[in-house]
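Notes follow once the structure below has been shown.
The values are calculated or read from the model by the stated rules, or taken from the named source; none is laboratory data. In this text, all values refer to a predicted model and were calculated from it rather than measured experimentally. Don't worry about glycine lacking a Cβ; one is built from the backbone with ideal geometry, like all the others, and counts go over all protein chains shown. Note: accessible area is taken over every heavy atom of the protein model, side chains too, but ligands, DNA and RNA are not part of it. Shrake-Rupley method; radii C 1.70, N 1.55, O 1.52, S 1.80 Å.
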Amino acid sequence: MEKMKELTLYLVTGRYDFSDEEFLNIIETACQNGITMVQLREKDITTNRFYELAVAVKQITDYHDIPLIINDRVDICLAVDAAGVHIGDDEMPVKVVRSLIGNEKILGVSAKSIERGKKAEKDGADYLGVGAIFPTETKKDPDRTTIETLNNIAEAVNIPIVAIGGIKESNIENFKHTAISGVAVVSEVMLAEQVSPKVQKLKKVVEQILEGRE
């Protein structure tokens with residue numbers, strides 16, 4: 001399975017009750033302290049609002065030379081010239097998304113099964129997001145993905161895997177014997193009391209896990 005260093009510590013944003021200034025400050029601080037990729041995830045705002053946020057976030061990620069991925073919305077990805085897009089099970093077919101964004105942009109796809117993972121790879125995915133591994137409030141779907149399933153998916157495909165779902169500093173050691181290329185975090189960073197040390201610690205632990213397998 002190929003490596004993709006940008007996936008090492010992948011921040012998926014959550015708006016919670018933040019003002020725009022607070023939201024952007026968290027992303028800025030996270031990018032300064034070790035985040036390797038940012039996914040802007042918005043489910044309940046207008047297209048214009050999403051676009052405005054994407055422009056603001058991209059200014060931050062561009063400054064730090066970090067790829068910006070847009071969740072689900074191919075139109076927003078193209079409009080702001082983001083690095084790529086990430087799609088879930090109920091979105092446009094992977095092959096169609098790849099045809100729309102071209103071959104240069106990153107395409108991430110959520111996968112909970114070997115079948116989904118292999119099909120996504122065949123249709124043009126660059127990496128798979130596998131989860132939710134642990135309980136999480138950001139996903140209403142109660143079905144979780146086991147570490148065993150994550151490993152089975154990783155063995156079945158040749159593209160990188162990023163684990164997602166309830167990942168925290170306290171449970172990240174569970175990935176020691178997995179084939180992941182990184183972890184995606186949401187609340188652990190977005191709701192951290194101190195973002196800088198939290199990101200630094202997460203980055204250190206993830207890198208130790210990844211390096212320990214080499």
*Evaluate the range 117-140: report whether one residue or more is farther than 21 Å from Val85 by Cβ, modelled with pLDDT of 95 or more and open to solvent by 40 Å² or more (accessible area, probe 1.4 Å).*
no
*Selection count where residues are among the acidic types (Asp, Glu), touching a residue at least 12 places away in the same chain (Cβ under 8 Å) and within 24 Å of Asp143 (Cβ to Cβ), scope the range 90-130*: 3
*Those residues that are assigned to a helix (DSSP H, G or I) and free of Cβ contacts under 8 Å to residues at least 60 places away in the same chain, I need them from the range 205-214; list them, please.*
Val205, Gln208, Ile209, Glu211, Gly212
*Hits in the range 67-77 (condition: closer than 15 Å to Ala56 by Cα and surrounded by fewer than 23 Cβ atoms within 10 Å (Cβ to Cβ))*: Pro67, Ile76
*asked:* Please count how many residues of the range 31-51 are in contact (Cβ under 8 Å) with a residue 60 or more places away in the chain and over 14 Å from the mean Cα position of the chain (by Cα).
replied: 3
*asked:* Against the conditions (1) free of Cβ contacts under 8 Å to residues at least 40 places away in the same chain; (2) over 21 Å from Ala154 (Cβ atoms), where does Ile87 fall short? Just the number, please.
replied: (2)
*asked:* So in the range 1-45, with the set limited to residues that are polar (S, T, N, Q) and either open to solvent by less than 30 Å² (accessible area, probe 1.4 Å) or not in a helix (DSSP H, G or I) (or both), which one is farthest from Glu155 (Cα to Cα)?
replied: Ser19
*Just give me the residues in the range 149-177 being touching a residue at least 60 places away in the same chain (Cβ under 8 Å) and surrounded by fewer than 18 Cβ atoms within 10 Å (Cβ to Cβ), in sequence order.*
Asn158
*Can you find a residue in the range 179-187 that is touching a residue at least 24 places away in the same chain (Cβ under 8 Å), among the hydroxyl-bearing types (Ser, Thr, Tyr), closer than 18 Å to Leu40 by Cα and in contact with a strand residue (DSSP E or B) (Cβ under 7 Å, 6 or more places away or on another chain)?*
no
